[in-house]
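Asks: I'd like to ask some things about the structure below.
The values are calculated or read from the model by the stated rules, or taken from the named source; none is laboratory data. Just so it is clear, the structure is predicted and the values come from calculations on it, not from any experiment. Virtual Cβ from ideal backbone geometry, glycine too; neighbours counted across all protein chains shown.
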Amino acid sequence: MFHAERFIEKTISTLQNEIKGKALIAFSGGVDSTVCAALVNKAIGNQLIAVHVDTGYMRKNESEQVKQMMKNLGLNYRYITASKEYYHALKGVENPEKKRKIIGEKFIRIFEQVAQKEHIDSLVQGTIAPDWIESGGGLRDTIKSHHNVGGLPKDMKLHLVEPLRDLYKDEVRKVARALHLQVSERQPFPGPGLAIRIIGEATPERTRLVREACDIVEKEIERASEQGLMERPWQYFAVLIPIKTVGVHGDKRAYGNTIAIRAVQSVDAMTCHYSTIPHEVLDMISTKITNTLKEKVNRIVYDVTNKPPGTVEWE
Amino acid sequence: MVRIYVIDNGGQWTHREWRTLRDLEVETKIVPNTTLLKELQKDDIQGLVLSGGAPRIGLNSLLGNCAEYLDKGKFPILGICAGHQFMARHFGGKVQPSALPEFGQVELTLCVDNDPLFLGVPKKSIVWESHNDEVTILPKNFIKLGESENCYIQAMRHTDKQFYGLQFHPEVEHTQFGEQIFKNFIHLCEE
């Protein structure tokens, strides 16, 4: 079995040998990067600098919460706002692999700037097993290029430190619990963020729509789970499908986008079953999204695909 | 501690096989499928898992050194998905693109009672799949152990050697009795 305490002890001593001088951690505020930051912090103390980038593709109020988290964890942190740069870099880009690679490269360029300024050689990432497995390479097919593996630019000079490479999410959560981190049960959120929850070009306007829809899906599903109407899914969110369909709003013709509701049950993200959401909850989500997003969205669909054949995220 | 290695044929779930074995206290390691048999023998392994992978066995892909392990291996071998298909083709069976490929949840029906690999597994259970090809003709010296609605050969066994092939994936979380199947395989390797 996987023993969190043994893992923590072994990893801290490995990190002390591996990291010379200062290190930078790519900090999204999710379970993986938070566990990583806590471990590296134990190993090298404030020689670790946590960097959070607000890409413009974060969820509602997320980056502000992450900033607070970094404070609460006592991390030596830098907070970088780069949404304009990201929107600019993704202008006109529709291909999901291109999106992922542009975002991956952009992260590294920002980290390199910080590293240069502060004389840092090592980049710590919370990469876990599914990230490198799905990114492919050698015999393994590329399912999707995770921004932190397949999306890394080839000319990157920072020394990569990835202490969680062999772990799956359930094991990372065990480590998080052993370290008493509040973040241990947080649902996964991909590094490229909302950009890959928008099919097609990830414009600021579309981002606003999917951000609002994700917020509604999260809140309604969390409420329903707390009320015992359903089991809390492993991951739950909205996807914007910019396909227009006809509707009727207040006796007038509507012609707006589509939002898909996606929720899955999993342990390790390698196989997933779509979650059964009660109809009353779907109803609430559907009405709230269409009323909130008005003329922009007039159709809601419910994704009933397992992994395989689907993946959790749509891109 | 029993030592069972996982041959990496490039599967999405190769690392899950490693994890399942490790969770069951097996001394295990993922090794590339180009590893020579004598290297494995040097480590004194007691069993081998041939992982799945993207190569299309139904379209005649090779699978590293898997042929050598099957020809000369004196230990139990468990072929999964592409590993299973390669085993079938290597011993003279036929592998073809599936008329109806299976992805995700499928019901497995066992055709043989009390096979050592399936001890404790009910006649019908849920397994998870992900395949484009399948074994369509069983090789000589093999018996069929299981089937599903759209795949005639879901599980097979060599009549003399401890060689097993499974089209489904016992290593993934959603396969109902996957861990039990691994426990049974480990038991065969310990004997």
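Asks: Consider A:M70 carefully, then state whether it is touching a strand residue (DSSP E or B) at 6+ places or on another chain (Cβ under 6 Å) and in the same structural domain as A:T14 (by TED's automatic domain parsing).
Replies: So A:M70 fits the description; yes.
Asks: Kindly check whether there is at least one residue in segment B:114-125 that is over 15 Å from the mean Cα position of the chain (by Cα), among the small types (G, A, S) and buried (at least 18 other Cβ atoms within 10 Å of the Cβ).
Replies: Checked segment B:114-125: at least one residue is over 15 Å from the mean Cα position of the chain (by Cα), among the small types (G, A, S) and buried (at least 18 other Cβ atoms within 10 Å of the Cβ).
Asks: Could I ask something else about it? Considering only segment A:4-41, state which residues are over 15 Å from A:G126 (Cβ atoms) and either within 16 Å of the chain's Cα centre (by Cα) or free of Cβ contacts under 8 Å to residues at least 40 places away in the same chain (or both).
Replies: A:R6, A:E9, A:K10, A:I12, A:S13, A:Q16, A:N17
Asks: Scan segment B:45-61 and give yes if some residue there is away from chain A (no Cβ under 11 Å), polar (S, T, N, Q) and part of a loop (DSSP other than H, G, I, E, B), otherwise no.
Replies: yes
Asks: Just checking, how many residues over segment A:249-284 are away from chain B (no Cβ under 14 Å) and either without any contact (Cβ under 8 Å) to a residue 24 or more places away in the chain or assigned to a loop (DSSP other than H, G, I, E, B) (or both)?
Replies: 9
Asks: If you don't mind, another one. Can you name every residue in segment A:136-160 that is more than 11 Å from chain B (Cβ to nearest Cβ) and within 22 Å of A:W314 (Cβ to Cβ)?
Replies: A:K144, A:S145, A:H146, A:H147, A:N148, A:V149, A:G150, A:G151
Asks: So, one more: Kindly provide the set of residues from segment A:44-64 that are under 17 Å from the mean Cα position of the chain (by Cα) and surrounded by fewer than 13 Cβ atoms within 10 Å (Cβ to Cβ), ordered by number.
Replies: A:N61, A:E64
Asks: Can you tell me which of A:E295, A:E226, A:E218 is of a type in the set (D, E), touching a residue at least 12 places away in the same chain (Cβ under 8 Å), away from chain B (no Cβ under 14 Å) and closer than 30 Å to A:V31 by Cα?
Replies: Step by step, each of A:E295, A:E226, A:E218 is checked, and only A:E218 is of a type in the set (D, E), touching a residue at least 12 places away in the same chain (Cβ under 8 Å), away from chain B (no Cβ under 14 Å) and closer than 30 Å to A:V31 by Cα.
Asks: Residues being in a helix (DSSP H, G or I) and of a type in the set (D, E, K, R): count how many of those fall in segment A:103-159.
Replies: Final tally of qualifying residues: 8.
Asks: Quick check: anything in segment B:63-82 touching a residue at least 60 places away in the same chain (Cβ under 8 Å), away from chain A (no Cβ under 12 Å) and part of a helix (DSSP H, G or I)?
Replies: Yes: one or more hits.
Asks: Return the residue satisfying two criteria in turn: it lies in segment A:298-311 and is buried (at least 20 other Cβ atoms within 10 Å of the Cβ) and within 14 Å of chain B (Cβ to nearest Cβ), and of such residues it is nearest to the chain's Cα centre (by Cα).
Replies: The qualifying residue nearest to the chain's Cα centre (by Cα) is A:K307.
Asks: Can you name the number of the only condition in (1) in contact with a Leu (Cβ under 8 Å, 6 or more places away or on another chain); (2) farther than 15 Å from A:K219 by Cα; (3) among the aliphatic types (A, V, I, L, M) that A:V304 fails?
Replies: (1)
Rundown of residues vs (1) over 21 Å from B:G11 (Cβ atoms); (2) within 14 Å of another protein chain (Cβ to nearest Cβ); (3) at pLDDT below 95, yes/no style:
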{"position": "B:S130", "(1), (2), (3)": "no, yes, no"}
{"position": "B:E134", "(1), (2), (3)": "no, no, no"}
{"position": "B:M156", "(1), (2), (3)": "no, no, no"}
{"position": "B:Q162", "(1), (2), (3)": "yes, no, no"}
{"position": "B:E173", "(1), (2), (3)": "no, yes, no"}
{"position": "B:F177", "(1), (2), (3)": "no, no, no"}
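Asks: From the set of residues in segment B:11-35 that are in contact with a Lys or Arg (Cβ under 9 Å, 6 or more places away or on another chain) and touching a residue at least 60 places away in the same chain (Cβ under 8 Å), which is farthest from the other protein chains (Cβ to nearest Cβ)?
Replies: My answer is B:V26.
Asks: A further question follows. Among the numbered criteria (1) acidic (D, E); (2) more than 19 Å from B:K94 (Cα to Cα); (3) surrounded by fewer than 24 Cβ atoms within 10 Å (Cβ to Cβ), which one does B:D8 miss?
Replies: (3)
Asks: Where the second residue is surrounded by 23 or more Cβ atoms within 10 Å (Cβ to Cβ) and the first is at positive phi and lies in segment A:111-127, which pairs have Cβ atoms under 6 Å and are six or more apart or on separate chains?
Replies: none
Asks: Among the residues of segment A:142-165, which ones are among the small types (G, A, S) and over 29 Å from B:P55 (Cβ atoms)?
Replies: If the condition is that a residue be among the small types (G, A, S) and over 29 Å from B:P55 (Cβ atoms), then no residue fits.
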